[in-house]
1. Using 7 Å Cα-to-Cβ label points, what is the ALA469/ALA217 separation (nm, one decimal)?
2. Return the FRET efficiency for the residue pair LEU476, VAL372: r is the Cβ-Cβ distance, R0 is 22 Å, and the value is rounded to the nearest 0.05.
3. On full extension of the chain, what length is gained from CYS490 through LEU140, given 0.36 nm per residue of separation minus the C-alpha to C-alpha distance?
4. Determine the alpha carbon to alpha carbon distance for each of LYS46/LYS309; LYS309/LYS484; LYS40/LYS81 and list only those over 21 Å.
5. How much solvent-accessible surface does LEU124 expose, in Å² to the nearest 10, with a 1.4 Å probe and all protein chains in place?
6. Subtracting the Cα-Cα distance from 0.36 nm times the residue separation, let me have the gained length for ILE101 to VAL233 in nm, one decimal.
7. At a 1.4 Å probe radius, which order do THR339, THR411, THR458 fall into by accessible area, largest first?
8. Quick one: how many Å² of LYS484 are accessible to a 1.4 Å probe, rounded to 10?
Amino acid sequence: VPPPLTPPPNPSLRLFPRRYRGLTLVLTFLCYTSYHLSRKPISIVKSQLHPNCSALGPNPRNDSNSSTWCSWAPFDGDNYKELFGALDNAFLVAYAIGMFISGIFGERLPLRYYLAGGMVLSGLFTALFGLGYFWDIHVLWYFIIVQVCNGLVQTTGWPAVVACVGNWFGKGKRGLIMGIWNSHTSVGNILGSLIAGAWVSSAWGLSFVVPGIIIAAVGIVCFFFLVEYPEDVGCSPPLHHDAGGVTSNEKDPEGVTSNEGPLSISGQSSTDRSDSPKEPVEEPEAISFLGALRIPGVVEFSLCLLFAKLVSYTFLYWLPLYIVNVAHFSAKEAGDLSTLFDVGGILGGIFAGLISDYTGGRATTCCVMLVVAAPMLFLYNHVGQNGIGTSIAMLIVCGALVNGPYALITTAVSADLGTHESLKGNAKALSTVTAIIDGTGSVGAALGPLLAGLISPTGWNNVFYMLIAADVLACLLLARVVVKEVRGWCGCIARKRGYVRT
């Protein structure tokens, strides 16, 4: 009996891996842009919760002579700064604690469901904060509880999107791709500021309700169109680590090919696979929290990110005030100048990813940028305010050096460690490893602004000394990994020379 005829492979199917990779990048970019878009309104609305009432004219309330008649209770007292700080810390502390738990759930639940559900809940709690305006709520605990709940559910975002991107992209170009992709943070901050600013003066509740609707809508789109794994659509997974001295597939740098191609990752032809019976494949177990900590490099990069994120978030929350107090710019000019730090961060993330891809040294790239960042922070504090041109240049340079390592660790490094060769192909670690690294960094994100608030009354010089010390500590924590990378380079050079001699 002649064998059954198999239809010729469809050439268009070979384009599927590239299309799915592009779709994954776009969807995850939009997802985390919407996360940051929904976090930004609180910083915009603060000025409306406790504005300068004397600038609005006489008090229309005849029964009160209070100078805070236009403020929103309970933020109308003299302790309004402490209350705003409580709102920020409620979100940041809940986010830091929830991040360690989020990755564990992310490995055990479908990423598409987990991410979409987290985005819908994030939209709900973001909108609930704004609904306090329409419901005329003046109880502090309502806003605190909403912030805590929002901080917890927003931890679903980062582990899930990094895991999705890591599932589709191999190690070869991961640093550059994720460096560009990581600009979603700044894009979300900018869009969040514009959207929140559109309603902050007329009805500040809409500054939260509209972003809440946007993130929930993007979550629904993600639920219907996001593809978690290449295997789900008949594509082979990428090469996540070196195999036999080969860093990547020469024909396909990302190592993702259609199953209709000549060879799959297992080395079998598509015809052989279609004729042979499919054996049930045992699903690998999700890695435990302690198991993730045992992966080489996870502890070092997590602690490094703690101090790197401390520096980054201190600039995020305190830079505009520093520019107003030291350079004596207006509040609007200080706000515009502070965005240049984010611009530098985008450039630094791309540069760090490109260099780390070329050299293969993620830790060395981070360490060098952190070493250079320390003296640049010192210079910015002493000469960065001598002129508008100097301020612009120093802000971009400092933003690149501070946020470059931060962006590299939270993206490419997290994906590398989550697909480490010690896992023997088990892909059930990406979300947990990402959550551990970013959760540890979030502790620094909460500590940085808090320490700056405590130290700033003693002088801005002391704040910058604290930031420089944090940069140095972040660098020292990577020393062991840097030594290992340098030894690896020396070994490669020695092998190449030995090969030439023979």
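The values are calculated or read from the model by the stated rules, or taken from the named source; none is laboratory data. This is a predicted model, so every value here is computed, not measured. Every residue, glycine as well, gets a Cβ built from its backbone with ideal geometry; the counts of neighbours run over all protein chains shown. The accessibility values were calculated without ligands, DNA or RNA, using every heavy atom of the protein model including side chains. Shrake-Rupley method; radii C 1.70, N 1.55, O 1.52, S 1.80 Å.
1. 4.8 nm
2. Computed FRET efficiency for LEU476 and VAL372: 0.90.
3. Extending this stretch completely gives an extra 120.1 nm.
4. Listed pairs above 21 Å: LYS46/LYS309; LYS309/LYS484.
5. Estimated to the nearest 10 Å², LEU124 gives 90 Å².
6. 44.6 nm
7. Descending order: THR458, THR339, THR411.
8. 130 Å²
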